[in-house]
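Scroll down for the structure; my scribbles are underneath it.
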Amino acid sequence: MATAKASATYIRMSPRKVKIVLDLIRNQSAEKALAILKFTPNAAAEPVLKVLKSAIANAETNHNMDAEELYVSEAAVGQGPTLKRIQARARGRSDRVLKKTSHIYLTVADGNDE
């Protein structure tokens, strides 16, 4: 079974939010996953859509796969480095604001060899 991969790193979004969107498209056909992401209102749908389109393009260009037979075989998100910021508070104090980042990994596979 041939596979094609794509990833996006250092996405300025919490991995927890991205995981919700990835769970929607895992083990779906590529066409159905594109439709799901296009109409999902979550902010995480946009970077996941870009990674999925990249994976499909990689499959077509590098591995000569047919786009209609592809499905999302693996969808994972990892936590990237956390940006630490300071927010001013009352009486001269400060609070730490943690801005999380994500690494998104997608693999599409050919459905022929099932």
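Consider segment 56-111 and keep the residues that are under 25 Å from I36 (Cα atoms) and among the acidic types (D, E). The one that is nearest to the chain's Cα centre (by Cα) is E74. Please specify each residue of segment 1-35 satisfying the condition of being β-branched (V, I, T) and surrounded by 17 or more Cβ atoms within 10 Å (Cβ to Cβ). Across segment 1-35, the qualifying residues are I11, V18, V21, I25. Residues that are part of a strand (DSSP E or B) and closer than 30 Å to L98 by Cβ within segment 1-41 comprise K5, A6, S7, A8, T9, Y10, I11, listed in sequence order. Kindly indicate whether R26 is over 24 Å from G111 (Cα atoms) and within 17 Å of the chain's Cα centre (by Cα). It is false that R26 is over 24 Å from G111 (Cα atoms) and within 17 Å of the chain's Cα centre (by Cα). Within segment 8-32, residues that are free of Cβ contacts under 8 Å to residues at least 24 places away in the same chain have Cβ atoms under 6 Å from residues that are of a type in the set (D, E, K, R) in no pair, counting only partners at least 6 apart in sequence or on another chain.
Which residues, counting only those in segment 55-73, are in a helix (DSSP H, G or I), within 10 Å of V108 (Cα to Cα) and among the polar types (S, T, N, Q)? Listed by number, the list holds a single entry, N58.
Residues in segment 49-106 that are among the hydroxyl-bearing types (S, T, Y), without any contact (Cβ under 8 Å) to a residue 40 or more places away in the chain and within 21 Å of A8 (Cα to Cα): T61, T82.
Selection within segment 95-114: residues that are exposed (fewer than 10 other Cβ atoms within 10 Å of the Cβ) and modelled with pLDDT of 95 or more. The member of this set that is farthest from V51 (Cα to Cα) is D95. In the set (1) out of contact with any strand residue (DSSP E or B) (no Cβ under 6 Å at 6 or more places or on another chain); (2) assigned to a helix (DSSP H, G or I); (3) not β-branched (V, I, T), P47 fails one condition alone, (1). Answer yes or no as to whether K38 is closer than 24 Å to M1 by Cα and exposed (fewer than 15 other Cβ atoms within 10 Å of the Cβ). Criteria not met by K38.
The values are calculated or read from the model by the stated rules, or taken from the named source; none is laboratory data. For clarity, every value in this text was computed on a predicted model and none was experimentally measured. Cβ: placed from backbone, ideal geometry, glycine included. Neighbour counts: every protein chain shown.
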